[in-house]
Structures are given as C-alpha cells and as structure tokens.
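For reference, the structure is listed below as structure tokens.
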Number of protein chains: 2
Amino acid sequence: MSMDRRSGCPINLSLEVFGDRWSLIILRDMIFGGRRHFRELLNASMEGIASNILADRLKRLMQLGMLTKADDPSHKQKAIYSLTEMAITLVPILAHLGAWGRVWLPVSAELSIRAELLEKGGPPMWDKFMDELRHEHLGMPLDTSAGPSVRATLQAAYEAVVAGRAPGASPAA
Amino acid sequence: MSMDRRSGCPINLSLEVFGDRWSLIILRDMIFGGRRHFRELLNASMEGIASNILADRLKRLMQLGMLTKADDPSHKQKAIYSLTEMAITLVPILAHLGAWGRVWLPVSAELSIRAELLEKGGPPMWDKFMDELRHEHLGMPLDTSAGPSVRATLQAAYEAVVAGRAPGASPAA
DNA sequence: GCAACTGATTGCAAAACGCAATCAGTGTTG
DNA sequence: CAACACTGATTGCGTTTTGCAATCAGTTGC
C-alpha cells in the first residue's frame, strides 16, 4: 500500500495505484453506482468492504489525485467524494476489464449485463459516460445531452435482468 | 490471494485474478519480455520479485487457467511456462493500462516508449501482437507474417531510447 | 436529553508479504 | 567421479496488510 515506486514502468505504476483488492472496487461503485458518501460506499458495497479499509483507501486515492473531498452542505459532518479527471479516464479500462471478465470468468448474469452493454456501446458510449461523470463530479457543462444518461441505461438494464428476463423485453416468463 | 468469489461482478472477478501486486507484473514480463522460465522471471524482474512469491503466483495463475507449464526438453528440471488464450487477450487491457499510466503517472521515458508505441499502433497492432503470442505459446500458425514482430519493434524502440535519443533517430547526443 | 447517523479510528487475530537460507535433482567441468 | 553452478521451488521468520468488531466524537432530528 506504500508508494514504492518500484519502477517507472507504466503498467507497474498503474498497479501501484489500483493493484489491490479494493481501490478499483471503490472507484467502480462511484463510477457505475453513483455513490458519493462514505456510508453509501460502505453499506452498498456488494463485496463487503470494512470501514477501516474504506477509510484508508479513500485517503490514499485522494493523495494519489484520483478523488477529492468536499463538505456536504446538508450535513456538517457529511463529506462528498468526487472523481477527478484522472479517475474518470479509467472508464475505458473498466469497460475492457468487464468485457474480459465476462468472457473468461464465472460472472453472474445480473452483474454482467452492464459490462455487456458497455462493451457493445464501445468508445462512443464510454465518451458519453465520461462526459456525464465530468458533469456530475467536476461541474463541467453537459453539452450533448441526448437521451437518458448512460448510468440510467445501465441501471435499467440491470434491474430488468433482476426483475425478470432480458433487458428491453417485457418482464414476463 | 484466495479464491473468494466475493461477487459475480466482472470487474470484481477480474480483480480477484490479477488484483495483486505481482500477477500482472509476471504476465507483463511474459508478454512483453518474452520470458518463459522461472529464473528469467526471477532475475530479470525489474521490480525484484521474491522467489517464493513468484512460485506462488505461477502456481496460482496456472490454477486460474492463465498459464500452462511444460517440460523443457533441454533440461529435465527446467519448465517452460506458456500463456493461455485467456492471458493473451489481456493485451488490450495492458495497452490501455500503459496508456493511462503514461498520462497520469511519473513514468520513465525508457520504460514508457513501449506503451506509447502500443497506444499509437492501436487495435490492429494489438491483434498482430496477440497472433504472435498465439504462435509462440500455443503453436498456432502465423499467417500474416508481415514485417518484424511487434515485440521486436517495441524492444528496438526501447533500446534506441536507452542508447540515446528518440526511436528512429541516430543514437547521438 | 436521547437516539440515530456521520466519517472515521482502535485493538486484535489472521493472512499475506519480503527476504534469506535451503532443498533435491540436473547439467557441466575437470 | 568429485566439485560446482543451475533448475524450480520450499521453509522459517519477522514485518506488513487485511478483516472484523467495537468504539469514537460530532451532527441532526425528535
């Protein structure tokens, strides 16, 4: 977890940033799940992260420049975590990772529908998603606001699979 | 390091395969460095992996189906490790990872030239590289053998940067 | 005041890691 | 045949990281 700087190899340095069991899970929940608060990340974590690990990783990701923290006006002790551009540009990597996992690993249907759609959408969909994230987390203007958001599309597909059958089809047997 | 199967999420499952500090480094050295033997991986490891960790990871990657082991005819105790198709298809992910690291992390010029070329080459170059790896590791025929191998191209560029200046330029100050 | 909730922190056991030493079997040399 | 280096590991041991439960002080609503 320390900043070894074992070598200047890009792959090695990338691994030193999120080459652990939790950092990328947290970023995944923020990116695809839209989670911004400590409790959201803690309780909604499908894999069950411990609070001390979450606190440590959030601190570390902030030091690395992947996240920023801001006060929530509604609650003086509440903090809102935001993705930086550095983290937002991980979207293509996450898309590839999801696509690879979907092919080679025993993924569940409900949880892989998002990866499937993201893979089919390709770079145009990733770009649209990154623009939406820049809007949410960095306050950038959302110029090409065509149709529903990528996250909403992915979420709807996920819920369709959970509820019944294939996305788009009627939820009947 | 265990096979938790924390969740069926593709990203989580991918992380459980190579979400540690060494697995992807080993695969990187095999893919880009062409290393096939235990000692090659041990001694040429830029980051200095320990022998017990290397032995453990090789065993684990074999169990996961990323590597296979075969006897080396030249030495009864020597083993040759081969990438499986599952590992070869990591090339696009490694390319993206290298590209991301090159933008956001303090990479060294020598070690990032490969990532730069691989990024510029894009999917066509990745496909060619994967075909070459399938030839080396799986014995598949190499149909489109046009020009020097991708690994040789990357290696030449690396050595050009180490020797002097930019790749393609004369190695003079 | 009191309970629920906020983002953490602490203590402790278990697991993983890093390093050096070591292993048995193999090939090479003299 | 003896000495030696090399093969892919394994073992012991101390350090670090992780997982889990309990706990913390400050904030909010009642």
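The values are calculated or read from the model by the stated rules, or taken from the named source; none is laboratory data. Just so it is clear, the model here is predicted, and its values are computed rather than measured. Here the Cβ is made from the backbone with ideal geometry for all residues, glycine too, and neighbour counts use every protein chain on show. Heads up: the accessible areas ignore ligands, DNA and RNA and are worked out on the full protein's heavy atoms, side chains in. Shrake-Rupley method; radii C 1.70, N 1.55, O 1.52, S 1.80 Å.
Whether any residue in region A:109-116 is more than 7 Å from every other protein chain (Cβ to nearest Cβ), hydrophobic (A, V, I, L, M, F, W, C), open to solvent by 20 Å² or more (accessible area, probe 1.4 Å) and in contact (Cβ under 8 Å) with a residue 24 or more places away in the chain is what I want to check.
The answer is yes; a qualifying residue exists.
Output the residue which, of all residues in region A:8-52 that are facing chain B (nearest Cβ under 7 Å) and among the basic types (K, R), is most open to solvent (accessible area, probe 1.4 Å).
A:R21
Out of (1) under 15 Å from the mean Cα position of the chain (by Cα); (2) not in a helix (DSSP H, G or I), the odd one out for B:G98 is which?
(2)
A:A109 - would you say it is touching a Leu at 6+ places or on another chain (Cβ under 9 Å) and assigned by TED's automatic domain parsing to the domain that holds A:D131?
Taking the combined requirement at face value, the residue does not satisfy it.
Out of A:I88, A:I25, which single residue is of a type outside the set (K, R) and touching a His at 6+ places or on another chain (Cβ under 9 Å)?
Answer to the selection: A:I88.
Among the residues of region B:139-151, are any part of a helix (DSSP H, G or I), open to solvent by 50 Å² or more (accessible area, probe 1.4 Å), closer than 30 Å to A:G122 by Cβ and out of contact with any helix residue (DSSP H, G or I) (no Cβ under 6 Å at 6 or more places or on another chain)? Walk me through how you get there before you give the answer.
First pass over region B:139-151, keeping only residues part of a helix (DSSP H, G or I): B:150-151.
Within this subset, residues satisfying the condition of being open to solvent by 50 Å² or more (accessible area, probe 1.4 Å) are none.
Scanning region B:139-151 turns up no residue that is part of a helix (DSSP H, G or I), open to solvent by 50 Å² or more (accessible area, probe 1.4 Å), closer than 30 Å to A:G122 by Cβ and out of contact with any helix residue (DSSP H, G or I) (no Cβ under 6 Å at 6 or more places or on another chain).
Considering only residues of region A:68-81 that are open to solvent by less than 40 Å² (accessible area, probe 1.4 Å) and within 13 Å of DNA strand D (Cβ to nearest atom), which is nearest to the chain's Cα centre (by Cα)?
Per the criteria, the residue is A:A79.
Looking only at region B:118-134, which residues are open to solvent by 50 Å² or more (accessible area, probe 1.4 Å) and away from chain A (no Cβ under 12 Å)? Lay out the reasoning, then the answer.
In the first step, residues of region B:118-134 are kept if they are open to solvent by 50 Å² or more (accessible area, probe 1.4 Å); the result is B:119-120, B:123-124, B:127-128, B:131.
Answer for region B:118-134, where residues must be open to solvent by 50 Å² or more (accessible area, probe 1.4 Å) and away from chain A (no Cβ under 12 Å): B:K120, B:P124, B:D127, B:K128, B:D131.
Which residue is farthest from B:V107 (Cα to Cα), if the candidates are limited to region B:1-60 and must be more than 14 Å from DNA strand D (Cβ to nearest atom) and aromatic (F, W, Y)?
B:F18
Is there any pair with a first residue in region A:75-94 that is within 14 Å of another protein chain (Cβ to nearest Cβ) and a second that is within 12 Å of DNA strand C (Cβ to nearest atom) whose Cβ atoms are under 7 Å apart and which are 6 or more apart or on different chains, and what are they?
Once the first residue is within 14 Å of another protein chain (Cβ to nearest Cβ) and sits in region A:75-94, its partners that are within 12 Å of DNA strand C (Cβ to nearest atom) give A:L83/A:L67; A:T84/A:L67; A:T84/A:T68; A:A87/A:L67.
Would you mind telling me which numbered condition in (1) assigned to a helix (DSSP H, G or I); (2) exposed (fewer than 15 other Cβ atoms within 10 Å of the Cβ) B:G65 fails?
Single failed check for B:G65: (1).
Just to be sure, is B:T84 open to solvent by less than 30 Å² (accessible area, probe 1.4 Å), over 30 Å from A:T84 (Cα atoms) and either among the β-branched types (V, I, T) or not assigned by TED's automatic domain parsing to the domain that holds B:G139 (or both)?
So B:T84 fits the description; yes.
Which residue pairs have Cβ atoms under 6 Å apart, sit 6 or more places apart or on different chains, and have a first residue in region A:54-69 that is closer than 19 Å to A:A44 by Cα and a second that is within 13 Å of DNA strand D (Cβ to nearest atom) and of a type in the set (V, I, T)?
Close Cβ pairs (under 6 Å, with a partner that is within 13 Å of DNA strand D (Cβ to nearest atom) and of a type in the set (V, I, T)) amount to A:R57/A:I26.
In contact with a helix residue (DSSP H, G or I) (Cβ under 6 Å, 6 or more places away or on another chain), in the same structural domain as B:S23 (by TED's automatic domain parsing), of a type outside the set (S, T, N, Q) and modelled with pLDDT of 90 or more, is that true of B:M130?
It is false that B:M130 is in contact with a helix residue (DSSP H, G or I) (Cβ under 6 Å, 6 or more places away or on another chain), in the same structural domain as B:S23 (by TED's automatic domain parsing), of a type outside the set (S, T, N, Q) and modelled with pLDDT of 90 or more.
Answer yes if at least one residue in region B:114-133 is closer than 19 Å to B:G34 by Cα, aromatic (F, W, Y), part of a helix (DSSP H, G or I) and away from DNA strand D (no atom under 16 Å from the Cβ), and no otherwise.
yes
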